[in-house]
Amino acid sequence: SRSDWLSALAWMAAFFLLLWLLGALVAVPLFALAYLRAAARGSLVLAGAYALASWLFIYGLFDRALRVPLPAGVLFVS
């Protein structure tokens, strides 16, 4: 339905805004936590576990294993 599409587009826009503002290492787990709590109605423990797992995955793969420099986001750039 139209409201489902608008909701999905709003969540995607929020993700990319967070990515731009905060950078990937902060935005991905924060978004996972927010989405799983708000949209999926998940428990706080489960959402926190997914957020931690997503941070470990991004940090471990991109920062440590592949040594890809992830941008910090515009709020953290001095």
Going by what's in this entry, would residue 77 be described as β-branched (Val, Ile, Thr), at pLDDT 95 or above and exposed (fewer than 10 other Cβ atoms within 10 Å of the Cβ)?
no
Of all residues in the range 20-78 being small (Gly, Ala, Ser) and over 25 Å from residue 8 (Cα atoms), the one that is farthest from the chain's Cα centre (by Cα)
78
Determine whether residue 24 is without any contact (Cβ under 8 Å) to a residue 12 or more places away in the chain, open to solvent by less than 90 Å² (accessible area, probe 1.4 Å) and not β-branched (Val, Ile, Thr).
no
Would you mind stating whether residue 36 is open to solvent by 80 Å² or more (accessible area, probe 1.4 Å) and in a helix (DSSP H, G or I)?
no
When you scan the range 45-70, how many residues do you find that are open to solvent by 100 Å² or more (accessible area, probe 1.4 Å), modelled with pLDDT under 95 and assigned to a helix (DSSP H, G or I)?
1
Of the numbered conditions (1) open to solvent by 60 Å² or more (accessible area, probe 1.4 Å); (2) farther than 25 Å from residue 64 by Cβ; (3) touching a helix residue (DSSP H, G or I) at 6+ places or on another chain (Cβ under 7 Å), residue 42 fails exactly one; give the number of that condition.
(1)
Kindly indicate the residue of the range 1-15 that is surrounded by 12 or more Cβ atoms within 10 Å (Cβ to Cβ) and among the hydrophobic types (A, V, I, L, M, F, W, C) and also nearest to residue 73 (Cα to Cα) among those meeting that condition.
15
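The values are calculated or read from the model by the stated rules, or taken from the named source; none is laboratory data. If you're wondering where the values come from, they're calculated on a predicted model, not measured in any experiment. Neighbour counts run over all protein chains shown; Cβ positions are idealised from the backbone, glycine included. Heads up: the accessible areas ignore ligands, DNA and RNA and are worked out on the full protein's heavy atoms, side chains in. Shrake-Rupley method; radii C 1.70, N 1.55, O 1.52, S 1.80 Å.
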